[in-house]
Amino acid sequence: MRSIIPDYLTEALGAVAPDNSGEPAGYIPELAAADPERLGAVFATVDGRVYGAGDIDTEFTIQSISKPFTYALALADRGFGPVLAGVGVEPSGEAFNEISLESDTGRPLNPMINAGAITAHSLAGSAELNPAERVERVVQGLSAFAGRRLKIDEAVCASEMEHAHRNLAIAHMLRSHNILTEDPRAVVDGYTRQCSVLVTARDLAMMAATLANRGVNPLSGEQVIREPVVRQVLSVMLTCGMYDAAGDWATQVGIPAKSGVAGGLIGALPGQIGIATFSPRLDSHGNSVRGVSLFERFSSDMGLHVMEVPAAARAVVRSNHVAGHGSDAIRVIQLQGGIGFAGAERVVRETLDTAPPEAGVALDLTMVYSIDDVARRMLLEVARRLTLDGHEVYLVDPESIMPDPDPGDGGRVTVIGDVEQALNSRAR
């Protein structure tokens, strides 16, 4: 049976598709030629399940979304001390390409603006690497986050280098303060190649999920970076990842995030999910117009603001067993704790994905103390689809945790006090 989550994503894409405001990045010819109507969204869970809708396998360049991951590589390769000595962590309140340096030290304010990202690139890998070797370290690292080998778009790289005057000016400023200790042009060339790595929305969601999963890639199982690095990166993403719109983002969306001028946007919610969207139309801050709207909806619909207390998704399903015998047997999915989106997704998997053979299915809420709005809607949609698939659906809810359950068109659910009532009704 088809999962309900791609349907939700398709609905969300349909809601933002009519918004034609903004336009692709115009200052780089290769990016200006992007199809402005491309649109996709992907959810990747911390245990490797991927849900998507729209243009999720269309390749585009990673651009500034590479910044948090290269920052992570620098922290992993050089340690916190050397990296923090070269790059700060304070929000700049300025555009991504401003020359934001501390007046006394020349240190960039944070690694999410270009000055800090150029510095972070120079710190990836060991100090002995030459520029080409450093680029390879970065590409290898980005590939580990994505779970597959990534490559550089040479045409975009060449186009960006032709117009890299501002980044070169920033690099020369950094060199004048001894923040950079090597040829500024070589560092900018390497940074530009980093930004020209090709990805898809599917790749970006998995990269974000690796951050959400304590640095472990959910598909490969590789520990890409250690947990202290993850905490540092996610903290800087939350406060600095959306440039001069970071404050609005932190309060309204509340998901550690990073945007890129090719139209990508990622968010990583610790312990729960990695999210990626793709739409090339940009707003005045350089962020994807439709992507921002999608994230605002996801955060609101699913209670994903980082200041919300998330449910322990893996512990939501207490048991999945059969009660009774023969044709009267019932599949019982016993739930527990507080259920949010991540927990409800586990329930979806336990029911719809496994297609229970029993005619009766009971969702047991006896040990559940709360269900948020999106989880309620997901569980009721599960009930509706099970009904349409020929199952008799029961809701064991003695405390009315889910009052007045209505599964919607074609759905039917019988509320009971315990599983025994369901068995008795089927035996009659």
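The values are calculated or read from the model by the stated rules, or taken from the named source; none is laboratory data. All figures in this text were calculated on a predicted structure; none of them were measured in a lab. Cβ atoms come from the backbone with ideal geometry, glycine included; neighbour counts cover every protein chain shown. These accessible areas exclude ligands, DNA and RNA; they are computed on the full protein's heavy atoms, side chains included. Shrake-Rupley method; radii C 1.70, N 1.55, O 1.52, S 1.80 Å.
Expressed per residue, the C-alpha convex hull volume of the stretch 160-259 stands at 146 Å³. Per the Debye calculation on the stretch 1-46 with a single equal scatterer at every Cα and no solvent contribution, log₁₀ I(q)/I(0) for q = 0.23, 0.27 Å⁻¹ amounts to -0.88, -1.00. Distance between the modelled labels on Asp409 and Ser235, one decimal in nanometres: 5.0 nm (7 Å Cα→Cβ projection). Rounded to the nearest 10 degrees, the inclination of helix 66-78 to the longest alpha-carbon principal axis of the chain is 80 degrees. Spin-label model, Asp183/Ser425: points 7 Å from Cα along the beta carbon direction are separated by 7.7 nm. Compared with the alpha-carbon gap, the fully stretched path from Leu129 to Ser176 is longer by 14.8 nm at 0.36 nm per residue.
Report the residue, chosen from Lys258, Lys151, Lys67, that carries the largest GNM mean-square fluctuation when the chain is represented by alpha-carbon nodes joined by springs under 10 Å. Result: Lys151 has the largest fluctuation of those listed. Within the stretch 9-58, report the GluC sites (Glu not before Pro) that DSSP leaves as loop and that have at most 12 other Cβ atoms within 10 Å. Those that pass, being in a loop and sparsely packed, are Glu37. Grouping the Cα pair distances of the stretch 307-428 into 5 Å bins from zero gives a pair-distance distribution of 2, 12, 23, 27, 21, 10, 3, 1, 0, 0 percent in increasing distance order. Apply 1/(1 + (r/R0)^6) to the Cβ-Cβ distance of Thr251 and Ala32, taking R0 = 25 Å, and write down the FRET efficiency to the nearest 0.05. Here the calculated transfer efficiency is 0.20. Quotient of the Cα radius of gyration of the stretch 101-176 and 2.2 N^0.38 Å, N being its number of residues: 1.23. His165 contributes about 130 Å² of solvent-accessible surface, heavy atoms of the protein only, 1.4 Å probe.
When the surface is traced with a 1.4 Å probe over the full set of protein chains, Cys157 keeps roughly 10 Å² accessible. Ordering Ser176, Ser103, Ser122 by accessible surface, largest first, gives Ser103, Ser176, Ser122; the 1.4 Å probe counts only protein heavy atoms, with every chain in place. One chain, two ends: Lys151 and Ala329. Fully extended at 0.36 nm per residue, the span grows by 58.7 nm beyond their Cα-Cα distance.
Of Asp55, Asp328, Asp409, which is the most mobile in a GNM of the chain whose springs link Cα atoms less than 10 angstrom apart? Of Asp55, Asp328, Asp409, the most mobile in the Gaussian network model is Asp409. Remark: the chain is approximated by an ellipsoid whose semi-axes, taken from the C-alpha gyration tensor as √(5λ), come to 47, 20, 18 Å, largest first. Taking Cα atoms only, the orientation of helix 131-146 departs from the longest principal axis of the chain by about 10 degrees. When the accessible area of the chain is split by element with a 1.4 Å probe, what percent falls to carbon and sulfur? Carbon plus sulfur share of accessible area: 49 percent. Computed from Cα positions, the angle between helix 373-388 and the longest principal axis of the chain comes to roughly 50 degrees. Ligands, DNA and RNA aside, Phe80 has an accessible area near 60 Å² when probed at 1.4 Å. Placing dummy labels 7 Å off each Cα toward the beta-carbon, the span from Met161 to Glu399 is 6.4 nm. A viscosity of 0.692 mPa s and a temperature of 37 °C, combined with the Kirkwood radius over C-alpha pairs in the Stokes-Einstein formula, give the stretch 50-209 a diffusion coefficient of 208 µm²/s. Taking the chain as a Gaussian network of alpha-carbon nodes connected by springs under 10 Å, the highest mean-square fluctuation of the residues Glu381, Glu308, Glu222 belongs to Glu308.
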